[in-house]
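The values are calculated or read from the model by the stated rules, or taken from the named source; none is laboratory data. All values reported here derive from a predicted model rather than from experimental measurement. Cβ coordinates were reconstructed from backbone atoms using ideal geometry, including for glycine residues, and neighbour counts include every protein chain displayed. Note: areas computed on protein heavy atoms with side chains; ligands, DNA, RNA excluded. Shrake-Rupley method; radii C 1.70, N 1.55, O 1.52, S 1.80 Å.
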Amino acid sequence: MNMPLYAQMMKSHLQTMASYAFGSAFYILLMFWIYPSMATQSENLNALLESMPPGLSRAFGLENGFGSVDAFISGEYYGLLFVLILSIFSVMTSTQLMARLVDQGAMAYLLSAPTTRVKVALTQAIVLLTGLLIITAVTTLAGYGGYAWFIGDLNDFNSSNFLLLNVGALLLFFAVCGISFFISAVSNDEKRALGISGIVVFGLFSLNLVGKISEKLSWMQHISLFSLFNPAGIVKGTVNWGPTCGILLGAGLAGFAAGMMLFKKRSLLL
């Protein structure tokens, strides 16, 4: 890794990372703030869920209903909003760290220094993962703070399961970042890289969503990495972590490694 480059890239992107992190923290605090009022209506809300098609509740992680803080947070926040925030971060930041520099000619200056392409790509990958870790860590801390601040007198919050929700999201987006980084590393055009990454990432998200909604199309979720992040299952304690961790870590490592190797060998329009 190139430490001066890492420091410069972190300085350039820290404000954006902080925006995602504090935006995520704000929304999860909002969820904890509104939960007490929602808890008083939990029976009515659960009855409403039961009247809806099962596929809709599965699609948005609402299988556990609204009877506990864990169930509410896993469905209302980790089932959709946090996934969208991290998806946007992964696509946008990976494109800015690699394809944008090639497209704008800035990569020529980086490679003119006494360093290698692999070191440059590795440094950019670590910057991307640092941002992912910052967002996840701030969200986790905000969640614990929100519980203590707004709901401290309730006993239905499982702190271990909440931590696992964030670990699961981190693993999922390690894989998503690997895919986006690979696309960015082999692209010369920023807009094309952004478009392809967006289509792939949100396409995988849509496959999982459609597969959960429709029983006839349930096979779709099995070809999507997003199906491996199951907030409702994490809260229930039914997730098989071994295969999940293996697949997500493997996909992420493969994406980053392939991106670095191809970036090293390919011709660059500098």
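Looking only at region 133-159, filter to residues that are assigned to a helix (DSSP H, G or I) and among the polar types (S, T, N, Q); which one of those is most open to solvent (accessible area, probe 1.4 Å)?
SER159
Would you please list the contacts, defined by Cβ atoms under 7 Å and residues six or more apart or on different chains, that run from a residue in region 224-237 that is more than 14 Å from LEU209 (Cα to Cα) to a residue that is polar (S, T, N, Q) and assigned to a helix (DSSP H, G or I)?
ALA232/SER74; ILE234/SER74; ILE234/ASN161; VAL235/SER74; VAL235/ASN161
Might you let me know whether region 90-101 holds any residue that is in contact (Cβ under 8 Å) with a residue 40 or more places away in the chain, of a type in the set (Ser, Thr, Tyr) and in contact with an Asp or Glu (Cβ under 7 Å, 6 or more places away or on another chain)?
yes
Among the numbered criteria (1) open to solvent by less than 50 Å² (accessible area, probe 1.4 Å); (2) in a helix (DSSP H, G or I); (3) modelled with pLDDT of 60 or more, which one does LEU49 miss?
(3)
Looking at (1) open to solvent by less than 30 Å² (accessible area, probe 1.4 Å); (2) more than 16 Å from the chain's Cα centre (by Cα), which is the only condition LEU172 fails?
In the conditions (1) open to solvent by less than 30 Å² (accessible area, probe 1.4 Å); (2) more than 16 Å from the chain's Cα centre (by Cα), LEU172 misses (2) alone.
Sort out which residues of region 6-44 are farther than 24 Å from LEU84 by Cα, open to solvent by less than 60 Å² (accessible area, probe 1.4 Å) and modelled with pLDDT under 85, and write them in order of number.
PRO36, ALA39, SER42
Which one of these is out of contact with any strand residue (DSSP E or B) (no Cβ under 6 Å at 6 or more places or on another chain), outside any helix (DSSP H, G or I), surrounded by 18 or more Cβ atoms within 10 Å (Cβ to Cβ) and at pLDDT 80 or above: GLY61, GLY79, GLY65?
GLY79
Can you list the helices (runs of 4 or more DSSP H) found entirely within region 173-270 that contain at least 3 residues being at pLDDT 90 or above?
Of the helices (runs of 4 or more DSSP H) lying wholly inside region 173-270, those with at least 3 residues that are at pLDDT 90 or above span 190-213, 241-265.
Based on what the data block shows, is PHE162 in a helix (DSSP H, G or I), touching a residue at least 60 places away in the same chain (Cβ under 8 Å), under 25 Å from ILE247 (Cα atoms) and open to solvent by 60 Å² or more (accessible area, probe 1.4 Å)?
Numbers: in a helix (DSSP H, G or I): yes; touching a residue at least 60 places away in the same chain (Cβ under 8 Å): yes; under 25 Å from ILE247 (Cα atoms): yes; open to solvent by 60 Å² or more (accessible area, probe 1.4 Å): no.
Against the criterion (in a helix (DSSP H, G or I), touching a residue at least 60 places away in the same chain (Cβ under 8 Å), under 25 Å from ILE247 (Cα atoms) and open to solvent by 60 Å² or more (accessible area, probe 1.4 Å)), PHE162 does not qualify.
Look through THR244, THR238 and report the one residue that is of a type in the set (Val, Ile, Thr) and over 19 Å from the mean Cα position of the chain (by Cα).
Working: THR244 fails: over 19 Å from the mean Cα position of the chain (by Cα).
When all the criteria are applied, what remains is THR238.
Return yes when THR130 is touching a helix residue (DSSP H, G or I) at 6+ places or on another chain (Cβ under 9 Å), outside any helix (DSSP H, G or I) and open to solvent by 10 Å² or more (accessible area, probe 1.4 Å) and no when it is not.
For THR130, the condition - touching a helix residue (DSSP H, G or I) at 6+ places or on another chain (Cβ under 9 Å), outside any helix (DSSP H, G or I) and open to solvent by 10 Å² or more (accessible area, probe 1.4 Å) - is not met.
When you scan region 142-156, do you find a residue that is within 17 Å of ALA25 (Cα to Cα) and free of Cβ contacts under 8 Å to residues at least 24 places away in the same chain, even just one?
Yes.
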